[in-house]
Amino acid sequence: MKRYFIHLSYKGTNYCGWQIQAGQNSVQEEIENALTKLNSNKKIEITGCGRTDTGVHAHDFYAHFDSDADWETAHLVYKLNLILPADIAVFDVFETNPELHARFSAISRSYEYRIHVKKDAFISEISWYQKLNLDIEKINKACQMILAHTNFECFSKVHTDVTNFNCTIHACEWIKTENGFVFRISANRFLRNMVRAITGTLIEVGTGKISLEEFKKILDSNNRSMAGVSVPAHGLSLVKVTYPEGSFGN
């Protein structure tokens, strides 16, 4: 049995997220169906590097599957892209160490949340249109607090099935762009709804609804009800997934 990794991207607008859910259209199901078709209708199941919510996008995503077939990977990439819808693109398929796991071997994930303040019909599905005047300097002071923090239960969806709420944040920063703002955050792991909850709370810091002192109290509270509202999913994108150096033989 060989293990293969798929490197891909997708626009999440038309999907319930990555993971298969009964009666809904998911990215995972689309790819599994395509692989199964190319495997003489013998079922192939894939494991993703994480789970994205409904409407969230992924510019950089990995999944793995096991197969006893000897795939010609370049041809498999070509055939998958023929079968898959236009909003899912496969960059590469390659054989890896059987111990390498798409989800558990990943050491870092990076997200971006995009906001545009001037109406733009061409980015409306990948960026949140919101007229905001944000104090970026104040927001980035709150980001420094996030970098120094560990327990993020206050930003986690309630009743989440996890053993702990600890995350190591590697980077956290807001940037002003020509037509809005970009929030960038990287960590070893993220809790459900965490990035969207952090984004919404930091917006309240930037608009003056929450002081830096109040933000610190929210971080220390472990209470989701104290934090701000979650921003819409369509502005969020997974932009980078990192594995230990040499994982893919490079």
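The values are calculated or read from the model by the stated rules, or taken from the named source; none is laboratory data. As the structure is a computational prediction, the values presented were derived from the model and not from experiment. Note that we place each Cβ from the backbone using ideal geometry, even for glycine, and neighbour counts take in every protein chain shown.
Exactly one residue among 23, 50, 55 is part of a loop (DSSP other than H, G, I, E, B), small (Gly, Ala, Ser) and at pLDDT 95 or above, and that residue is 55. If you go through segment 149-162 one residue at a time, do you hit one that is touching a residue at least 60 places away in the same chain (Cβ under 8 Å), more than 29 Å from residue 213 (Cβ to Cβ), under 18 Å from the mean Cα position of the chain (by Cα) and assigned by TED's automatic domain parsing to the domain that holds residue 219? No: segment 149-162 contains no residue that is touching a residue at least 60 places away in the same chain (Cβ under 8 Å), more than 29 Å from residue 213 (Cβ to Cβ), under 18 Å from the mean Cα position of the chain (by Cα) and assigned by TED's automatic domain parsing to the domain that holds residue 219.
Looking across segment 196-211 at every residue that is exposed (fewer than 14 other Cβ atoms within 10 Å of the Cβ) and of a type outside the set (Ser, Thr, Tyr), the one that is nearest to residue 174 (Cα to Cα) is identified as 208. Collect the residues in segment 164-216 that are assigned to a strand (DSSP E or B), of a type in the set (Lys, Arg) and in contact with a helix residue (DSSP H, G or I) (Cβ under 9 Å, 6 or more places away or on another chain), keeping them in residue-number order. If the condition is that a residue be assigned to a strand (DSSP E or B), of a type in the set (Lys, Arg) and in contact with a helix residue (DSSP H, G or I) (Cβ under 9 Å, 6 or more places away or on another chain), then 176 is the only one that fits.
Residues checked against (1) in contact with a strand residue (DSSP E or B) (Cβ under 7 Å, 6 or more places away or on another chain); (2) basic (Lys, Arg); (3) assigned by TED's automatic domain parsing to the domain that holds residue 231; (4) surrounded by fewer than 20 Cβ atoms within 10 Å (Cβ to Cβ):
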position	(1), (2), (3), (4)
21	no, no, no, yes
25	no, no, no, yes
45	yes, no, no, yes
56	yes, no, no, no
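Answer yes or no: is there a residue in segment 184-193 that is over 20 Å from the mean Cα position of the chain (by Cα), charged (D, E, K, R) and surrounded by 15 or more Cβ atoms within 10 Å (Cβ to Cβ).
Residues of segment 184-193 that are over 20 Å from the mean Cα position of the chain (by Cα), as a first pass: none.
Checked segment 184-193: no residue is over 20 Å from the mean Cα position of the chain (by Cα), charged (D, E, K, R) and surrounded by 15 or more Cβ atoms within 10 Å (Cβ to Cβ).
When you scan segment 26-40, how many residues do you find that are among the hydrophobic types (A, V, I, L, M, F, W, C) and part of a loop (DSSP other than H, G, I, E, B)? Residues that pass the stated criteria total 0. Of all the residues in segment 118-168, those that are loosely packed, with under 15 Cβ neighbours inside 10 Å, over 23 Å from residue 234 (Cβ atoms) and of a type in the set (Lys, Arg) number 1.
Total residues in segment 78-116 satisfying the condition of being of a type in the set (A, V, I, L, M, F, W, C), assigned to a loop (DSSP other than H, G, I, E, B), in contact with a Ser or Thr (Cβ under 9 Å, 6 or more places away or on another chain) and more than 21 Å from residue 3 (Cα to Cα): the figure is 0. The residues on offer are 120, 70, and the sole one that is in contact (Cβ under 8 Å) with a residue 24 or more places away in the chain, in a loop (DSSP other than H, G, I, E, B) and assigned by TED's automatic domain parsing to the domain that holds residue 219 is 120.
Would you pick out the residues in segment 217-250 that are in a loop (DSSP other than H, G, I, E, B), in contact with a strand residue (DSSP E or B) (Cβ under 9 Å, 6 or more places away or on another chain) and more than 22 Å from residue 116 (Cα to Cα)? Selection gives 222, 243, 247, 248, 249.
Candidates are the residues of segment 30-78 that are within 20 Å of residue 238 (Cβ to Cβ) and of a type in the set (Phe, Trp, Tyr); the one that is farthest from the chain's Cα centre (by Cα) is 65. May I ask you to verify whether residue 216 is in the same structural domain as residue 117 (by TED's automatic domain parsing), of a type in the set (Lys, Arg) and more than 26 Å from residue 62 (Cα to Cα)? Considered against the rule, which asks whether it is in the same structural domain as residue 117 (by TED's automatic domain parsing), of a type in the set (Lys, Arg) and more than 26 Å from residue 62 (Cα to Cα), residue 216 comes out as yes.
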